[in-house]
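Everything below concerns the one structure shown next.
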Amino acid sequence: NAGVTQTPKFQVLKTGQSMTLQCAQDMNHNSMYWYRQDPGMGLRLIYYSASEGTTDKGEVPNGYNVSRLNKREFSLRLESAAPSQTSVYFCASRDSRLYGYTFGSGTRLTVV
Amino acid sequence: AQKITQTQPGMFVQEKEAVTLDCTYDTSDQSYGLFWYKQPSSGEMIFLIYQGSYDEQNATEGRYSLNFQKARKSANLVISASQLGDSAMYFCAMRDPYSSASKIIFGSGTRLSIRP
């Protein structure tokens, strides 16, 4: 099925460990985004990429890095995980329509 | 800076009643877009409705309508004839048209619970 695929769906990390969240879309979208959602809150933008080869910081970029590997893939890396990074992470992509945002199903990350 | 405010953390509504979820926004831009998303307990983000700032008519999608009052900077979601399946978190969001990727920002959400 066409859409945004995130892996893994669940992950538990120990403080200080590193990991990469993967996101891939097969809709030929130019723009991609990473958000985090904390309990009872809305989504906050971590990083985004307007096109292949470009990335920009969003509202809460500290502690994260991203890579726009190609047009399809946009990964999010936690170099040294902290309990404050416990959250649900959503990847999204956008087509040319003004409202054409597609979200992945999310990755639930727990840092202990 | 743009900002979305949802002042209702939670609401309870009787099934089949209409419900209005409030959203106000702050922007100095003339061109922008407003969204509503639904997030059920399963966690996915479901697009409901979109309103462009230059659209003269309020957007409608089935049982959903957006009450857009530009002068008041409000974009309330109206759900007619609520159903049990409408129980979910609802997020208002705004598109920044001038960012390189037209990123969107979200409000804190309203949890809607429908009583049978």
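Annotations
- Exposure ranking of B:LYS38, A:LYS14 by accessible area [1.4 Å probe, largest first]: A:LYS14, B:LYS38
- Chain-alone versus full-assembly comparison, region B:68-116, residues with accessible loss of at least 50 Å² (1.4 Å probe): B:SER100, B:ALA101, B:LYS103, B:ILE104, B:PHE106
- Buried area at the A:B interface is about 1600 square angstrom, summed over both chains, from accessible surfaces computed with a 1.4 angstrom probe.
- Normalised size of region A:35-100, defined as Cα radius of gyration per 2.2 N^0.38 Å with N residues, equals 1.16.
- Local electrostatic count at A:MET41 - Lys and Arg +1, Asp and Glu -1, tallied over other residues with Cβ under 15 Å: +3
- Solvent-accessible area assigned to carbon and sulfur over chain B amounts to 47 percent, based on a 1.4 Å probe.
- Of the residues making up region A:91-112, those losing 10 Å² or more of accessible area when the isolated chain is joined by the remaining protein chains, with a 1.4 Å probe, are A:ARG94, A:LEU98, A:TYR99, A:TYR101, A:PHE103, A:SER105.
- 23 Å Cα-Cα reach of B:LYS70 towards lysines, excluding residues that sit fewer than 8 places from it in its own chain: B:LYS3, B:LYS38, B:LYS103
- Our summary gives chain A a relative contact order of 36 percent, counting only alpha carbon pairs under 8 angstrom and 6 or more residues apart.
- Bridging of A:LYS14 to aspartates and glutamates at a Cα separation below 14 Å is possible for A:GLU79, once same-chain residues fewer than 8 apart are set aside.
- Counting only Cβ charges, +1 for Lys and Arg and -1 for Asp and Glu, the dipole size of chain B around its Cα centre is about 180 debye.
- With Cα atoms as the point set, the radius of gyration and Dmax of chain B evaluate to 13.8, 45 Å.
- Taking all protein chains together, A:VAL112, A:VAL4 sort by accessible area into A:VAL112, A:VAL4, largest first [probe 1.4 Å].
- On the basis of the beta-carbon distance and an R0 of 35 Å, A:GLU79 and A:ASP26 show a calculated FRET efficiency of 0.80.
- Carbon and sulfur %, accessible surface of region A:17-112 computed with the full protein complex present, 1.4 Å: 45
- Region B:55-90 and region B:1-44: distance between their alpha carbon centers, rounded to Å: 8
- A 1.4 Å probe run over chain B, with the rest of the protein chains in place, finds 48 Å² accessible per residue.
- Here B:LYS16 is the anchor, and the aspartates and glutamates within straight C-alpha reach of less than 19 Å, apart from those fewer than 8 places off in the same chain, are B:GLU61, B:ASP86.
- Here the dipole of chain A is about 120 debye; that uses its Cα centre as origin and unit charges on the Cβ of Lys and Arg (positive) and Asp and Glu (negative).
- Exposure check, 1.4 Å probe, all protein chains in place: B:ASP29 carries approximately 40 Å² of accessible surface.
- Taking amide hydrogens as placed 1.01 Å from N in the peptide plane, the amide H of B:SER87 sits under 5 Å from those of B:ILE114, each at least 5 positions away in sequence or on another chain.
- Residues of region A:22-37 with amide N under 17 Å of the 7 Å Cα→Cβ point at A:THR54: A:29-34
- A crude spin-label estimate for the pair A:LYS71 and A:SER18, with each label 7 Å from Cα along the Cβ direction, gives 3.0 nm.
The values are calculated or read from the model by the stated rules, or taken from the named source; none is laboratory data. Not measured: the values here are computed from a predicted model. Glycine also receives a Cβ, built like all others from the backbone with ideal geometry; neighbour counts cover every protein chain displayed. Just so you know, the surface numbers come from the protein's heavy atoms only, side chains and all, with ligands and any DNA or RNA stripped out. Shrake-Rupley method; radii C 1.70, N 1.55, O 1.52, S 1.80 Å.
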